[in-house]
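Reviewing the structure listed below.
Readers should treat all values here as calculations from the given coordinates under stated rules, not as data from a laboratory. All values derive from a computational prediction rather than experimental measurement. For neighbour counting, all protein chains shown are included, and Cβ atoms are generated from backbone atoms with ideal geometry for every residue, glycine included.
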Amino acid sequence: MSDVNATHPLDLESPRVSVRKPGVRHDKQGTMTDAERVAAAITNFRNDFSAATAAYLESCIHCGQCAEACHFYVATHDPKYTPIWKLEPFKRAYQREAGPFAWLYKAFNLNREVTLRELEEWQELLYDSCTMCGRCTMICPMGIDIAELVGLARNGMFHAGLVPHELWAVAERAEREGSPLGATPRMLRERIAWLAEEHDVEIPLDRSRADMLATLSSIEIMKYPQSIVALAKILNRIGVSWTIRSDGYEATNFGMLSGNAAWQRDSSMRIINAAIACGAQTVVLPECGHAYGALRWKGANIYGKPLPFKVLHISEFLAENVRNGRLKLRRLGGLVTFHDPCQISRRGGATAAPREVLHALGVELREMESTGDMNWCCGGGGGVVAIHRADALRYQAFEIKMKQVERTGADVLATSCSNCRQTFDDGKAHFGWDRQMSSLLELVAGHLA
Amino acid sequence: MDLLEFARGPALIASLLVLIGGSAWRIFAIFLVPPKPDLSEPRDARWMAGALRTIFGRMIPKKEFRETEKLATLNAYFYHIGLAILVFGFAPHVNFVQRLTGFGWPALPGPVVYVAVGITFVSILIALMERLTDPVLRLLSNFDDYFSWLVTFLPLATGMGVLSHPFPAAIASGPPLDPVPLAIHLLSVELLFVWLPFGKLSHAFLAFVSRAITGAGFARKGAAT
């Protein structure tokens, strides 16, 4: 007979036998000592301080309004999910190490040094309970871009080896294999060959020259391959010279989500080099939210100079071609509601594009109550959907989304992010919800005139 | 040198020096940290318009948040506007600034200021109550929050103490009948001056910096703020 783990004793008094106060899991990677982990975190926090981060960290007035913008706080009413609180170690490190009165803070120990225990506790707050959706940025009366700061704080956490295991593992796999979900170049080639044959559609792969490089999300490759067919049908219909390249197809960037700047760079550079190699003037990003932020808004900074090509999200590409008349669509009709992927709309500035496409499809768009730039996140962004210990919390946040959708009375639910789509599918299965998330790209492909 | 002379003389000069020097250093230090240039192709080059839009736009909460943040927002309006009326509209304050700098402006009528005093007093107490009772605010609050509240409240309270002592009819120029309450009031204001650059009250100027940075960055992306 085995003994029950004394760390997590069974609670025999509760109606169902359960583990009393289940311990929070603090994941660690590497073999650093505690002091080395703290030093690594602080050093990397410090490296990320810029004039903008300094201004943000100096300006907080502790008004707590950001709590009401966060789906994780609104779903639980647990104060620890207040967005700015998630940055407390980062703020303290700034005040002690780089703030204008750092010497005072240090000399009189006005601000305690960040400890490993605190960093471990904050792992849940910086990863499991933040999708970096940036809704908090919109409410902050000081205009602090909290989501951006969480991204920076994750860099320090990664270097301290304090990343949730699942997220670390997919990021490491993406670095090693080129894809977080095992969509290796070989698998890509096989899948494209199969899809081309099965759907009788030309899917150009590894062309040496093309005007446009199309990229994919591994979620599409592995879970929604029909998206690749939809993309091919649309691009072929428009008549653009395009290709997918097996040396730069994966648009997701788990290096960025986990906080490893070097891996982020590797992922971005694969696409940048592939686009340059085939002389592409445009890189089209797939239905993936963070892929847009990673290449459209951070790609040039990683490359070190302006990108020699244009970067468009697929919804922007579709809207552009609807506008110039190269993409003609049949009427879809019906009542549709659109879920805005945070990194494309609120944080990417491409809020209007999908609406333009939906208008061309002749649908009646039923906007959610809080929509567009103010949309509620589905809860799966920022790598959260990869962290299984966060599932219970994520489902609570997803209920906000379900209510939003139900109130619209729309028949069709659409989005332009496969990660959101995956989160919706997971939520649907968990709650036994009867709504199906559709891909905007696939709706368009199914209604080509 | 009596207490009032001290408060009007060396204490005032010292506190103003700390206020100006400390605030300048706090802003300067932000820009000592090297900025990271953004090389992405902007969707919109009107970053200045974005910065200004966010500076002013964030004074008004977005409609999505008005319901949940109603009390906090309304209360903040009350004490910010109330304090502005007291500081810039009360005749003795205008005269004080005029004596100090040579610049003056017409003061607001007494009854307007007295109403503002009442509203501000209640409102600032509500702010403290909220901070002490709201779980989110309690978690976030530290010494800075409570001390900043205190140094804001003290000039208001001591100012009311001065009001209870009659000024000469020509309120503009003469000294008060009892100089001690006025000296205490002045010293409380000087404490506020000394603390302002070091604590969260510096949002009086930092708000413009952080709002402008976000506004300019989001305008670049063509995103709304």
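For the reader, a short list of remarks on this structure follows.
- Summed residue charge, Cβ within 15 Å of A:Glu197's Cβ, Lys/Arg positive, Asp/Glu negative: -1
- Each principal axis of the range B:61-156 carries a Cα extent, and these read 46, 32, 21 Å when sorted largest first.
- Computed over the protein assembly as shown, the per-residue total of -39500 (n - 2.57) for DSSP H runs of n ≥ 4 gives a 222 nm mean residue ellipticity of -16500 deg cm²/dmol, rounded to 500.
- Chain A, relative contact order [Cα under 8 Å, separation at least 6], %: 15
- All lysines inside 22 Å of A:Lys305 as judged from Cα atoms, apart from same-chain residues fewer than 8 positions distant: B:Lys36, B:Lys221
- Per-q log10 I(q)/I(0), chain B, q = 0.07, 0.10, 0.15, 0.17 Å⁻¹ (Debye; single scatterer per alpha-carbon; no solvent): -0.30, -0.59, -1.18, -1.37
- Under 19 Å from the A:Asp78 label point (7 Å along Cα→beta-carbon), backbone N, the range A:402-433: none
- Listed values for the range B:207-219 are Karplus-derived 3J(HN,Hα) couplings in whole Hz (6.51 cos²θ - 1.76 cosθ + 1.60, θ = phi - 60°), namely 4, 5, 5, 5, 4, 5, 5, 5, x, 5, x, 6, 4, and x replaces Gly and Pro.
- Cα gyration tensor shape of the protein assembly as shown, rounded if a/c is under 1.5, else prolate or oblate by comparing a/b with b/c: prolate
- Candidates A:Asp411, A:Asp128, A:Asp434: whichever shows maximal mean-square fluctuation once chain A is modelled as a Gaussian network with Cα springs under 10 Å: A:Asp434
- Against chain B, whose longest principal axis is taken from its Cα atoms, helix B:47-57 shows a tilt of about 50°.
- Phi angles across the range A:324-336 convert, under the Karplus curve 6.51 cos²θ - 1.76 cosθ + 1.60 with θ = phi - 60°, into 3J(HN,Hα) values of 8, x, 7, 10, 10, 10, 7, 6, 8, x, x, 9, 10 Hz, Gly and Pro given as x.
- Amide H contacts of A:Leu205 (H built 1.01 Å from N, in plane; Pro and chain starts excluded): A:Ile244 sit under 5 Å, all sequence-distant by 5 or more or on other chains.
- Peptide A:136-147 has a mean of 6 when you count, residue by residue, the C-beta atoms of other protein chains within 10 Å of its C-beta.
- Rounded to the nearest 5, the antiparallel percentage of DSSP beta bridges internal to the range A:326-445 is 0%.
- Highest mean packing comes first when the peptides A:265-271, A:59-65, A:312-318 are listed by Cβ atoms within 10 Å, giving A:312-318, A:59-65, A:265-271.
- Modelled label positions at B:Ile60 and B:Glu41, each set 7 Å beyond Cα in the direction of Cβ, lie 3.5 nm from each other.
- The mean sequence separation of alpha-carbon pairs under 8 Å and at least six residues apart, normalised by the residue count of the range A:34-163, gives a relative contact order of 38 percent.
- Kirkwood-based shape ratio for the range A:326-445, expressed as Rg/Rh from alpha carbons: 0.96
- Nearest-0.05 FRET efficiency for B:Asp178 and A:Asn47, computed from C-beta distance (R0 56 Å): 0.45
- FRET efficiency for A:Phe431 and A:Lys310, using Cβ-Cβ distance with R0 set to 51 Å, rounded to 0.05: 0.80
- The range A:86-174: C-alpha gyration tensor shape, a/c 1.5 cut-off, then a/b vs b/c: oblate
- Distance (nanometres) between label positions extended 7 Å along Cα→Cβ at A:Glu369 and A:Glu399: 1.5
- Inter-part distance where the range A:414-449 and the range A:207-276 are each reduced to a Cα centre, Å: 20
- Relative contact order (%) - criterion: Cα under 8 Å, at least six apart; region: the range A:326-445: 30
- Straightening the chain between B:Ala204 and B:Ala14 buys 66.4 nm, computed as 0.36 nm per residue apart minus the Cα-Cα spacing.
- The Stokes-Einstein estimate for the range A:177-321, based on a Kirkwood radius over Cα pairs and taken at 37 °C with 0.692 mPa s viscosity, is a diffusion coefficient of 220 µm²/s.
- Couplings for the range B:192-201, taken from phi via the Karplus curve 6.51 cos²θ - 1.76 cosθ + 1.60 with θ = phi - 60°, read 4, 4, 5, 7, 3, x, 9, x, 6, 5 Hz in order; Gly and Pro are left as x.
- Count Lys and Arg as plus one, Asp and Glu as minus one, and take only other residues whose Cβ is under 11 Å from that of B:Arg138; the net charge is then -2.
- Two-site FRET efficiency, A:Arg112 against B:Ile126, from Cβ-Cβ distance with R₀ of 41 Å, rounded to 0.05: 0.85
- Of the peptides A:374-384, A:96-106, the order by per-residue mean of other Cβ atoms within 10 Å, starting with the highest, comes out as A:374-384, A:96-106.
- The H on the amide N of A:His313, modeled in the peptide plane, is under 5 Å from the matching H of A:Leu285, each at least 5 residues off or on a different chain.
- Antiparallel bridges, percent of DSSP beta bridges restricted to the protein assembly as shown (to nearest 5): 15
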